[in-house]
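The block underneath contains the structure these notes are about, expressed in structure tokens.
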Amino acid sequence: MITGALLVKILKNIAIKIHENKQLLTELDAAIGDGDHGINMNKGFTAVSKKLDEIKSHDCGEILKTTAMTLISTVGGASGPLYGTAFLKASIVAKGKNELDKGTIIKMFDEAIKGIVMRGKAQIGEKTMLDALIPAYEALKESLEQGEELSTAFHKATDAAYEGVQKTKDIIATKGRASYLGERSIGHEDPGATSSYLMTKTIADTLI
Ligand code: ADP
Ligand code: MG
């Protein structure tokens, strides 16, 4: 179970993790994009962290909706609306719930990915955040369906996300700014896949 208080803690830890990796994300984006992914994500999650200090509600839907709206309104660049849509879709599943059980978490993750696909029109294998998120979701779902603990499932999801990030090195980008580079995008990890991995890892580490 993830309570509202734990969800806030997870989101605040994501803000810390993104802040610690701001430079890395920016360097990855400088290689194949415009070098702002770390700046964008840090700006967004710093704002989220502040907003969550004011939130009194224990409704997980409210917490995630606040996160989504803050990301959409503060993050410039493609990643803001994409992550914003993901959190918004998850918030709809979580609406009215003070606790998230395993089934709800699977559904939230699934809807979040569908939101990113709807918004960005990418699929797996196009060198985007989806290359980390889809394998992470599949590993999470499989683990939870086998009856494993939430923290175990998120650690497995983290490993799958990490593998997904590594695979983005071998992929030519066909979506987003990196697609302008064509073959020259090969050899570089995708920054958005890396931020997705960092978020998954933070959830896993907070659940321990
Ligand atoms: P921008 O590309 O506008 O500068 P960011 O640098 O913040 O925005 O984010 C870049 C990341 O966004 C990429 O590394 C990629 O993972 C993700 N991204 C870009 N376009 C798409 C898309 N259509 N679908 C999914 N993810 C995408
Ligand atoms: Mg960028």
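The values are calculated or read from the model by the stated rules, or taken from the named source; none is laboratory data. Small disclaimer: the values here were computed from a predicted structure and weren't measured. Here Cβ is always computed from backbone atoms with ideal geometry, including for glycine, and neighbour counts include all displayed protein chains. Side chains included, ligands, DNA and RNA excluded: accessible areas come from the protein's heavy atoms. Shrake-Rupley method; radii C 1.70, N 1.55, O 1.52, S 1.80 Å.
In the set (1) without any contact (Cβ under 8 Å) to a residue 12 or more places away in the chain; (2) open to solvent by 30 Å² or more (accessible area, probe 1.4 Å), Asp101 fails one condition alone, (1). Just one of (1) within 22 Å of Lys17 (Cβ to Cβ); (2) within 16 Å of ligand 2 (Cβ to nearest atom); (3) of a type in the set (Ser, Thr, Tyr) fails for Tyr180. It is (1). Gly76 satisfies every condition listed in (1) within 15 Å of ligand 2 (Cβ to nearest atom); (2) at pLDDT 95 or above except (2).
Selection of the stretch 115-150 for residues being among the basic types (Lys, Arg), within 12 Å of ligand 1 (Cβ to nearest atom) and without any contact (Cβ under 8 Å) to a residue 40 or more places away in the chain yields only Arg119. The single condition from (1) open to solvent by 70 Å² or more (accessible area, probe 1.4 Å); (2) out of contact with any Pro (no Cβ under 9 Å at 6 or more places or on another chain) that Lys17 fails is (1). Taking the condition hydroxyl-bearing (Ser, Thr, Tyr), within 14 Å of ligand 1 (Cβ to nearest atom) and in contact with an Asp or Glu (Cβ under 9 Å, 6 or more places away or on another chain), does Ser196 pass? Considered against the rule, which asks whether it is hydroxyl-bearing (Ser, Thr, Tyr), within 14 Å of ligand 1 (Cβ to nearest atom) and in contact with an Asp or Glu (Cβ under 9 Å, 6 or more places away or on another chain), Ser196 comes out as yes. I need the full set of residues from the stretch 46-82 which are within 30 Å of Arg184 (Cβ to Cβ) and open to solvent by less than 20 Å² (accessible area, probe 1.4 Å), in order please. Listed by number, the residues that qualify are Leu71, Val75, Ser79, Gly80. Only a single criterion out of (1) in contact with a helix residue (DSSP H, G or I) (Cβ under 8 Å, 6 or more places away or on another chain); (2) within 14 Å of ligand 2 (Cβ to nearest atom); (3) not basic (Lys, Arg) is not satisfied by Thr67, namely (2).
From the list Ala112, Ala94, the one residue that fits, being of a type outside the set (Ser, Thr, Tyr), open to solvent by less than 10 Å² (accessible area, probe 1.4 Å) and within 19 Å of Ile203 (Cα to Cα), is Ala94. Of all residues in the stretch 17-35, those that are within 17 Å of the chain's Cα centre (by Cα) and either in contact (Cβ under 8 Å) with a residue 60 or more places away in the chain or farther than 12 Å from Leu198 by Cβ (or both) total 8. Can you confirm whether the stretch 57-74 contains a residue that is within 12 Å of ligand 1 (Cβ to nearest atom) and free of Cβ contacts under 8 Å to residues at least 12 places away in the same chain? Looking through the stretch 57-74, none of the residues is within 12 Å of ligand 1 (Cβ to nearest atom) and free of Cβ contacts under 8 Å to residues at least 12 places away in the same chain. Candidates Asp159, Asp170: the one that is more than 17 Å from the chain's Cα centre (by Cα), open to solvent by 30 Å² or more (accessible area, probe 1.4 Å) and more than 21 Å from Gly35 (Cβ to Cβ) is Asp170.
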